[in-house]
Amino acid sequence: MAFHGKVALVTGAASGMGRLAARRLAAGGAQVAALDVNEAGLRETRGSDEKIRCWPVDVTDARAVADVVRRIESELGPIDRVLNAAAIMPTDRLLDQDAELVNRIMAINYGGTVNVTYAVLPGMIARGRGDLVNFASVAGWLPTLHFGAYNASKFAVVAFTEERAHENRGRGVRFACVCPPPVATPLLDQAKSQPKILATVPPIRPEAVLDAIERGLDGGKLMVFPDRNAAITVWLRRHLPGLTWWNVHRVEGF
């Protein structure tokens, strides 16, 4: 594992990728601050592991996030790693989703990442060390029918993370923007409109994503693509966008 710090903060820790990340970091000896709005899920994540501390918070509330970060650092010490994994993924055609839902997706997936970053990154910069890991997605590079709102939020995470990394290069903080394909976590259950594209891409294991993060951080890679399919998809989107959209329409049938 590339993490050698003492304190880690994980958002979206009540389930899925966040839960696995929190448990893996705790198993490696870190004190883990697990954040989520789902208190019952946080308790399940913690179980009997005293290294995991639960902090119920809505990541869309910048003031509440800043307050929680101050409390965490007061009780556990400086935060050495952040994993921004909080996200939702309701799917549908954009005109079948109301503006309130579209804005909520952006507020959680992108706004939550921004709020946590602003609360933690200045301290990392001042100390000259730390890992900032933001979860984007292949969906942050490839717009796809049914995923318009989710795409927009993850495109924003990609741009925000890339800019922050270059803005702060040489200042001791390692940045990683993780861009996986579909992952076998409960997040996929939110795709209620049943996008056909998901059936063409077998989900990868969440453990593979976490392993890729460690390799990426050790190798100094900003954009982390956990498998070959993710990297190829992004390449095709960049160089053959027309072909990519043709395939999306072919699969979805409209």
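The values are calculated or read from the model by the stated rules, or taken from the named source; none is laboratory data. Just so it is clear, the model here is predicted, and its values are computed rather than measured. Quick reminder, even Gly has a Cβ in these numbers, built from the backbone with ideal geometry, and neighbours come from all protein chains shown.
Here is how the numbers come out for the structure above:
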quantity	calculated
Unique residue being touching a helix residue (DSSP H, G or I) at 6+ places or on another chain (Cβ under 8 Å) and either closer than 23 Å to A136 by Cα or among the charged types (D, E, K, R) (or both) when the list is E100, E50, E39, E73	E73
Complete set of residues in segment 199-214 that are outside any loop (DSSP other than H, G, I, E, B), surrounded by 14 or more Cβ atoms within 10 Å (Cβ to Cβ) and more than 15 Å from the chain's Cα centre (by Cα)	I204
Positions within segment 225-245 being of a type outside the set (A, V, I, L, M, F, W, C) and not in a helix (DSSP H, G or I), in sequence order	P226, D227
Cβ pairs under 7 Å, 6+ apart, first in segment 1-16 and closer than 16 Å to L132 by Cβ, second of a type in the set (V, I, T) and in a helix (DSSP H, G or I)	L9/I72; L9/V120; T11/V116
Residue match in segment 63-76 (condition: buried (at least 18 other Cβ atoms within 10 Å of the Cβ), at pLDDT 95 or above and either under 26 Å from A230 (Cβ atoms) or within 16 Å of the chain's Cα centre (by Cα) (or both))	no
Segment 146-174 - residue that is of a type in the set (D, E, K, R) and not in a helix (DSSP H, G or I) and, of those, surrounded by the most Cβ atoms within 10 Å (Cβ to Cβ)	R174
Scan of segment 33-63 for residues that are in a helix (DSSP H, G or I) and within 22 Å of Y110 (Cβ to Cβ), ordered by number	G41, A62, R63
Hey, T233 touching a Pro at 6+ places or on another chain (Cβ under 8 Å), in contact (Cβ under 8 Å) with a residue 40 or more places away in the chain, surrounded by 16 or more Cβ atoms within 10 Å (Cβ to Cβ) and β-branched (V, I, T) or not	yes
First in segment 182-198 and surrounded by 13 or more Cβ atoms within 10 Å (Cβ to Cβ), second anywhere and among the acidic types (D, E), Cβ under 8 Å, 6 or more apart	S193/D92; S193/D96; P195/E252; K196/E252; I197/E252
Close pairs (7 angstrom Cβ cut-off, 6 or more residues apart or separate chains): closer than 18 Å to M223 by Cα in segment 143-172, at pLDDT 95 or above and among the β-branched types (V, I, T) anywhere	N151/T144; S153/I105; V157/T113; F160/T113; F160/V114; R164/T117; N168/I125
Contacts under 7 angstrom Cβ, first residue in segment 104-126 being closer than 17 Å to G140 by Cα, partner buried (at least 21 other Cβ atoms within 10 Å of the Cβ) and β-branched (V, I, T), 6 or more apart	I108/V59; N109/V157; Y110/V157; G112/T11; G112/V59; T113/V157
L142 being crowded, with 24+ Cβ neighbours inside 10 Å and closer than 19 Å to M89 by Cβ	yes
Qualifying positions in segment 79-95 - touching a residue at least 40 places away in the same chain (Cβ under 8 Å) and outside any strand (DSSP E or B)	I79, D80, A85, A86, A87, I88, M89, P90, T91, D92, R93, L94
